[in-house]
Structures are given as C-alpha cells and as structure tokens.
C-alpha cells in the first residue's frame with residue numbers, strides 16, 4: 001500500500017468519526033470497549049494478561065524496539081521498575097501525579113533503593129520541565145494502547161506533562177489490560193466519548209517504540225527527539241482502579 005493510500009484511508013476514518021452525532025459517538029464508544037473486552041477475554045476473564053490482545057500488543061511492541069513486562073501484582077510492577085532503574089544506575093526518576101503510581105507506592109520503593117522520585121505535579125512550572133530534563137527515567141500511566149501497532153496513547157493535562165514521556169532517556173509506561181484495544185477503528189469513538197465527558201485534554205501523544213530519527217542519508221539514530229528506551233509494564237492486578 002502506498003503512503004498516499006494509507007494517508008487517505010486514515011483521513012477518511014477520521015472524517016467519518018467526526019461526522020457522527022454525539023449519541024452515535026457514545027454508542028460506538030461503548031460498543032468498541034465492549035468488543036475490545038470481549039476480544040481480550042477467554043475462559044478465565046481474570047487472566048487478561050494471557051489473551052490475544054495483550055499477546056498481539058507485546059509482539060508489535062517488540063517489533064518496534066519496545067520492551068514488555070507482565071506484573072501479576074503491585075509488588076511485581078515495582079520490582080520491574082527497580083530492575084530497570086538499577087540497570088541504568090538511575091539517580092532521579094520523575095513520574096506523573098496519577099493515582100496508579102501513588103497506589104503502587106513507587107516513591108517509597110525507589111527511595112529504599114537510593115533513587116530520588118519526583119512527582120511531576122509537586123513543583124510549579126517550569127520546575128517540572130527542568131526536573132524532566134535531568135531525570136534518568138520518566139514514568140507515566142497509559143490511556144489506551146493499540147494492539148495492531150504496539151502504540152501507546154497518552155493524554156496530557158495537570159499532573160500528566162508530556163515532558164515526562166519525552167525528555168528522560170528512559171520511559172516506563174504502566175498499562176492495564178482493559179486499556180488495550182485492537183486498533184484505530186476502536187480508538188476513535190472512545191476518544192469522541194472522552195471529549196463529550198470532558199476527559200480529552202489539549203493534546204494526545206502517540207508513542208510507537210523508542211524515538212527514531214533518520215537524516216538525509218537515511219541513517220537511523222535512536223533517542224534524538226525522545227527516549228532511547230521504552231519499557232511497558234502490563235499490570236494484571238493493580239491495587240485499585242485509577243489513572
């Protein structure tokens with residue numbers, strides 16, 4: 001498929017999504033989430049981390065250079081973060097100010113390992129930005145993930161600065177199973193619903209693997225305009241529901 005054909009298909013999908021009335025947006029979003037959950041479940045719905053969607057996401061993420069981990073509980077997720085931090089001799093970690101990170105008690109766990117954790121919303125801008133520029137690792141939650149491309153979708157907002165996922169050389173993303181959807185066709189109506197209920201902020205970030213840049217001679221360089229490494233931790237059983 002040519003690049004122009006792919007672009008035309010994507011633009012046509014966007015046009016169709018934008019022309020639906022609000023009732024259609026909500027109905028489509030609910031249907032998409034129901035279908036995604038149905039597709040992601042098997043005989044044991046509590047084993048969502050072994051289903052087709054998460055397996056597909058893992059494979060696609062690996063194909064674009066990302067690293068994937070499965071954590072059966074909060075302690076296992078923290079252990080993953082600690083191992084990544086130790087592998088990079090990390091001294092400073094900045095994380096989003098969201099409930100999920102708080103529930104994992106990451107600040108305390110990192111502190112016991114001698115790593116300073118800075119919650120992103122604890123400082124007034126531009127202090128947050130300055131911390132992100134010197135942090136060794138940035139930790140965020142995730143809003144959606146696309147199984148067919150291994151892509152993460154992150155909303156920006158208060159306590160959710162884009163700099164946390166873009167400036168540190170290592171990005172760790174915390175993902176929950178029900179956030180994985182098959183692809184863009186399921187994502188668009190969900191975003192429309194989020195907009196209707198006031199959950200869609202000023203910017204969305206789509207992340208597909210570590211940052212890659214090619215010069216005029218097509219020499220590929222990793223990490224020039226973003227993190228050199230992307231680690232995704234799938235939390236099978238986080239402490240509670242939250243961001």
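Values in this text are rule-based calculations from the coordinates and carry no lab data. Bear in mind the structure is a predicted one, so any value in this text is a computation, not a measurement. As a convention, Cβ positions derive from the backbone with ideal geometry for all residues, glycine included, and neighbour counts pool all protein chains shown.
What the table below lists for this structure:
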quantity	calculated
Residue 83-residue 199 pseudo-label distance in nm [points 7 Å out on the Cα-to-Cβ vector]	3.1
Virtual spin-label span in nm between residue 116 and residue 64, 7 Å along Cα→Cβ	3.3
